[in-house]
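Enquirer: Handing you this structure, nothing more for now.
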Amino acid sequence: MIEVRRSEDRGPADHGWLQSRHTFSFANYYDPKYMGISALRVINDDRVAPGKGFAIHSHQDMEIISYVKHGIIEHKDSMGNIEKLPMGEFQLMSAGSGVTHSEYNPSLSDQLVFLQIWIQPSVYGIKPGYQQKRFGDVQGLQLIASPDARNGSLLIHQDASLYQLRLEYGQSATHSLDSGRIAYVHVVSGDLSINGEQLKAGDGATIKAVDVIELTSGNNTEALLFDLPQAIDR
């Protein structure tokens, strides 16, 4: 079964300096039909004006992933990390027992565009952690985060795996979905066919009760694929 979430149906937010689209209920946007998929709680498609950003604020017990589509994030946190996250890199911050941080667009001329992703952890109160990595322009599916940090992926504190998908026009890839698992695909750019269902940039799809996910590019395509447990304790 495939359930498509169209880009234009996502929840909008306009804060002046921040324009966002929420795949799932977040802040002032609430839709009881879209509260998250399994441990995946947030996918925010954020656009931050030049010189603006998120002032110091706190998080606890959440795995927070940022992926820059355009521009640079300037990151500072209470763990002592002062980093710049450029286009194409992934950041994973495990908030654990508690962390404060800020995220800014340091450019005075260019907009920052990035995905903010929250995944609910399976363990609570752990020591906060920070990871950042560029994985390169690998074609097909590339493992980005996993619960055992296998194959050089980032460590995530949940029985979940995140893959980056890159396909040129007409290329295909497959992903096997084990029994009792559920997947969510978010299209970052281009066009993508998922088991014959057509998606465009900003669209997403929940996939379950299938053995193999067939992914075919209708244009140069980038997407994120989340392999998740079917149910978790909220």
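The values are calculated or read from the model by the stated rules, or taken from the named source; none is laboratory data. Small disclaimer: the values here were computed from a predicted structure and weren't measured. For neighbour counting, all protein chains shown are included, and Cβ atoms are generated from backbone atoms with ideal geometry for every residue, glycine included. These area figures cover heavy atoms from the full protein model, side chains too; ligands, DNA and RNA do not enter into them. Shrake-Rupley method; radii C 1.70, N 1.55, O 1.52, S 1.80 Å.
Enquirer: Filter the range 65-80 for residues that are closer than 13 Å to ASP45 by Cβ and not β-branched (Val, Ile, Thr); which is farthest from the chain's Cα centre (by Cα)?
Expert: First pass over the range 65-80, keeping only residues closer than 13 Å to ASP45 by Cβ: 66-70.
When the remaining residues are screened for being not β-branched (Val, Ile, Thr), the result is 66-67, 69-70.
Working: SER66: 7, TYR67: 7, LYS69: 11, HIS70: 15 Å.
Result: HIS70.
Enquirer: Here is a follow-up. Restricted to the range 95-143, and to residues that are without any contact (Cβ under 8 Å) to a residue 60 or more places away in the chain and aromatic (Phe, Trp, Tyr), which residue is nearest to LEU162 (Cα to Cα)?
Expert: PHE135
Enquirer: Does any residue of the range 28-48 turn out to be among the charged types (D, E, K, R) and on the phi > 0 side of the Ramachandran plot? Talk me through it step by step, then tell me what you get.
Expert: We begin by selecting, within the range 28-48, every residue among the charged types (D, E, K, R); these are 31, 33, 41, 45-47.
Adding the requirement that they be on the phi > 0 side of the Ramachandran plot leaves none.
No - not one qualifying residue is present in the range 28-48.
Enquirer: Turning to a different aspect of this structure: Can you pull out every residue in the range 3-37 that is touching a residue at least 12 places away in the same chain (Cβ under 8 Å), within 19 Å of ALA231 (Cβ to Cβ) and aliphatic (A, V, I, L, M)?
Expert: Selection gives ILE37 alone.
Enquirer: Counting just the residues of the range 88-101 that are at pLDDT 95 or above and assigned to a loop (DSSP other than H, G, I, E, B), which one comes out nearest to the chain's Cα centre (by Cα)?
Expert: For the range 88-101, the residue satisfying everything is ALA95.
Enquirer: Kindly provide the set of residues from the range 70-85 that are open to solvent by 10 Å² or more (accessible area, probe 1.4 Å), within 21 Å of LEU155 (Cα to Cα) and either in contact (Cβ under 8 Å) with a residue 40 or more places away in the chain or not in a strand (DSSP E or B) (or both), ordered by number. If you could, list the steps in order and put the result at the bottom.
Expert: First pass over the range 70-85, keeping only residues open to solvent by 10 Å² or more (accessible area, probe 1.4 Å): 70-72, 74, 76-84.
Add one more test, that the residue is within 21 Å of LEU155 (Cα to Cα), and what stays is 76-84.
Answer for the range 70-85, where residues must be open to solvent by 10 Å² or more (accessible area, probe 1.4 Å), within 21 Å of LEU155 (Cα to Cα) and either in contact (Cβ under 8 Å) with a residue 40 or more places away in the chain or not in a strand (DSSP E or B) (or both): ASP77, SER78, MET79, GLY80, ASN81, GLU83.
Enquirer: Among the residues of the range 206-217, count how many are within 22 Å of TYR67 (Cβ to Cβ) and not β-branched (Val, Ile, Thr). Break it down into steps so the answer makes sense when it comes.
Expert: Here is the first cut: in the range 206-217, the ones within 22 Å of TYR67 (Cβ to Cβ) are 206-207, 213, 215, 217.
Filter once more, keeping what is not β-branched (Val, Ile, Thr): 215, 217.
Result for the range 206-217: 2.
Enquirer: Having 1 or more residues that are surrounded by fewer than 21 Cβ atoms within 10 Å (Cβ to Cβ) is the bar; report the strands (runs of 3 or more DSSP E) wholly within the range 120-234 that clear it.
Expert: By residue number, 129-134, 140-146, 172-176, 181-189, 191-194, 197-200, 204-208, 212-217, 221-229.
Enquirer: I've got another one for you. Taking the conditions exactly as written (at pLDDT 95 or above, among the aromatic types (Phe, Trp, Tyr), more than 17 Å from the chain's Cα centre (by Cα) and closer than 25 Å to ILE144 by Cβ), does TYR104 satisfy them or not? So that I can check it myself, show each step before the final result.
Expert: Details: at pLDDT 95 or above: yes; among the aromatic types (Phe, Trp, Tyr): yes; more than 17 Å from the chain's Cα centre (by Cα): yes; closer than 25 Å to ILE144 by Cβ: yes.
It is true that TYR104 is at pLDDT 95 or above, among the aromatic types (Phe, Trp, Tyr), more than 17 Å from the chain's Cα centre (by Cα) and closer than 25 Å to ILE144 by Cβ.
Enquirer: Output the number of the condition that PRO106 fails; it satisfies all remaining conditions of (1) open to solvent by 30 Å² or more (accessible area, probe 1.4 Å); (2) in contact with an Asp or Glu (Cβ under 8 Å, 6 or more places away or on another chain); (3) outside any loop (DSSP other than H, G, I, E, B).
Expert: With respect to (1) open to solvent by 30 Å² or more (accessible area, probe 1.4 Å); (2) in contact with an Asp or Glu (Cβ under 8 Å, 6 or more places away or on another chain); (3) outside any loop (DSSP other than H, G, I, E, B), PRO106 is out only on (3).
Enquirer: Could you please find all residues in the range 23-53 being within 30 Å of LEU108 (Cα to Cα), open to solvent by less than 60 Å² (accessible area, probe 1.4 Å) and out of contact with any Lys or Arg (no Cβ under 6 Å at 6 or more places or on another chain)?
Expert: If we filter the range 23-53 for residues that are within 30 Å of LEU108 (Cα to Cα), which is where we start, we get 23, 26-29, 42-53.
Within this subset, residues satisfying the condition of being open to solvent by less than 60 Å² (accessible area, probe 1.4 Å) are 23, 26, 29, 42-46, 48-51, 53.
Listed by number, the residues that qualify are PHE26, TYR29, VAL42, ILE43, ASN44, ASP46, VAL48, ALA49, PRO50, GLY51, GLY53.
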